[in-house]
1. At pLDDT 80 or above and over 28 Å from the mean Cα position of the chain (by Cα) - does that describe any residue in the range 59-70?
2. Restricting attention to the range 38-52, which residues are surrounded by 10 or more Cβ atoms within 10 Å (Cβ to Cβ) and either β-branched (Val, Ile, Thr) or farther than 18 Å from Ile96 by Cβ (or both)?
3. Any residue in the range 107-136 that is of a type in the set (Val, Ile, Thr) sitting within a Cβ distance under 8 Å of a residue that is assigned to a helix (DSSP H, G or I) and at pLDDT 80 or above? List the pairs, counting only those 6 or more apart or interchain.
4. How many residues, within the range 123-175, are aliphatic (A, V, I, L, M) and more than 23 Å from Pro108 (Cα to Cα)?
5. Can you name the number of the only condition in (1) surrounded by fewer than 20 Cβ atoms within 10 Å (Cβ to Cβ); (2) at pLDDT below 85 that Pro82 fails?
6. Which count do you get for residues in the range 164-193 that are farther than 25 Å from Asp143 by Cα and among the acidic types (Asp, Glu)?
7. Return only the number of the condition from (1) within 23 Å of Ser199 (Cβ to Cβ); (2) at pLDDT below 85; (3) under 29 Å from the mean Cα position of the chain (by Cα) that Asp113 does not satisfy.
8. Go through the range 62-91 and give me each residue that's under 17 Å from Met182 (Cβ atoms) and in a strand (DSSP E or B).
Amino acid sequence: MLHTVLVTNELEVLTDVPLSRLSAADAKWFWIDFDAPGEEEAALLNSHFHFHPLAIEDCFQYLQRPKLDYYDTHNFFVLQYPKAGSMEPEEIDFFIGPDFIVTVHLQPCRGIDEIREHKLMLKSTLSKDPLYLFYLIMDKLVDDYFPPVYEIEDKLYQLGDAVSNPKFINDVFELRDQLLRMRRIILPMSDLIYRILNSDRLMIPKDDRHYFRDINDHLHKLAEMVESSREVTADLRDSYVSFNSNRMNTIMTTLTIVATIFIPLTFIVGVYGMNFDNMPELRWRWGYYAVWIVMVTVAAGMLLWLKKKGWYK
């Protein structure tokens with residue numbers, strides 16, 4: 001699907017205009033959005049706009065790393081953003097020239113739709129150049145990083161009191177995996193912003209640099225949040241290991257106590273199970289009861305002795 005937006009010299013916004021109208025004399029700049037384009041629409045990138053073949057190829061290669069490429073008539077950007085409802089990255093590509101911006105994304109992008117519906121009609125946007133629209137889209141995509149990161153933080157705090165839950169460690173590693181995927185999006189985006197701010201070929205107006213620095217600050221904050229959450233997952237993992245070690249020590253202590261008590265009792269039973277003829281206690285009327293009294297006394301005495309030694313703590 002193709003969405004065309006034309007801004008005239010009088011700052012009038014025309015939508016869904018034919019491509020032939022984009023080169024009219026009254027055109028200030030235009031925005032073409034290739035939303036999940038078909039083969040015929042994708043062919044326009046070459047046949048109508050004459051973008052560089054390598055840049056067009058990158059648009060349809062799965063998940064390119066965020067980057068900036070310079071060409072004679074335009075600059076090519078690749079951005080990533082987290083897919084709604086998951087941490088899977090999605091790609092959006094930009095071709096930006098002095099009087100145009102062309103966006104290409106193979107999946108619907110909520111951020112693009114919101115900019116087109118709400119921010120595009122503002123006079124502050126229309127009076128700027130396409131690079132400012134690029135900032136607005138990029139800022140929206142980066143802002144969409146925050147909700148999933150906050151959601152992960154909330155889940156981590158809830159997990160803090162559930163160490164004994166059998167699913168605890170699986171939940172921790174799942175959240176850690178999500179943080180790793182988020183980190184793989186944020187860090188390359190930070191590198192891209194650094195290149196944009198330090199580029200001499202983009203010719204960003206001095207006042208507009210503040211906007212990109214604001215995005216850079218957001219990305220640094222996100223990176224710190226992700227790293228902090230990863231440290232929390234490491235602490236939770238260590239807590240789980242310590243909890244299970246203590247639990248195992250308690251179990252082993254209990255089994256050791258039981259085994260220790262039964263060692264002398266087994267000895268006594270073994271002695272009287274040898275069936276020698278010359279064993280006076282076997283013919284004594286009260287021998288059976290006496291053995292039981294001895295075994296109970298030995299067991300009780302060992303329990304008291306082990307308690308005194310602190311084995312039950």
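The values are calculated or read from the model by the stated rules, or taken from the named source; none is laboratory data. As the structure is a computational prediction, the values presented were derived from the model and not from experiment. Reconstructed Cβ throughout: ideal geometry from the backbone, glycine too, with neighbour counts over all protein chains shown.
1. Here is the first cut: in the range 59-70, the ones at pLDDT 80 or above are 59-61, 64-70.
Right, trim to over 28 Å from the mean Cα position of the chain (by Cα) and you get 70.
Scanning the range 59-70 turns up at least one residue that is at pLDDT 80 or above and over 28 Å from the mean Cα position of the chain (by Cα).
2. To start, the set of residues in the range 38-52 that are surrounded by 10 or more Cβ atoms within 10 Å (Cβ to Cβ) comprises 38, 41-46, 48-52.
Result: Gly38, Glu41, Ala42, Ala43.
3. Ile112/Ile137; Ile115/Leu133; Ile115/Leu136; Ile115/Ile137; Ile115/Lys140; Thr125/Tyr132; Thr125/Leu133; Thr125/Leu136
4. Keep residues of the range 123-175 that are aliphatic (A, V, I, L, M), which gives 126, 131, 133, 136-138, 141-142, 149, 152, 156, 159, 162-163, 169, 172, 175.
If we keep only those that are more than 23 Å from Pro108 (Cα to Cα) as well, we get 126, 152, 156, 159, 162-163, 169, 172, 175.
Residues in the range 123-175 being aliphatic (A, V, I, L, M) and more than 23 Å from Pro108 (Cα to Cα): 9 in total.
5. Here Pro82 clears every test but (1).
6. Residues in the range 164-193 being farther than 25 Å from Asp143 by Cα and among the acidic types (Asp, Glu): 1 in total.
7. (1)
8. First, the residues of the range 62-91 that are under 17 Å from Met182 (Cβ atoms): 63, 65-66, 79-91.
Passing the criteria: Leu79, Gln80, Tyr81, Pro82, Pro89, Glu90, Glu91.
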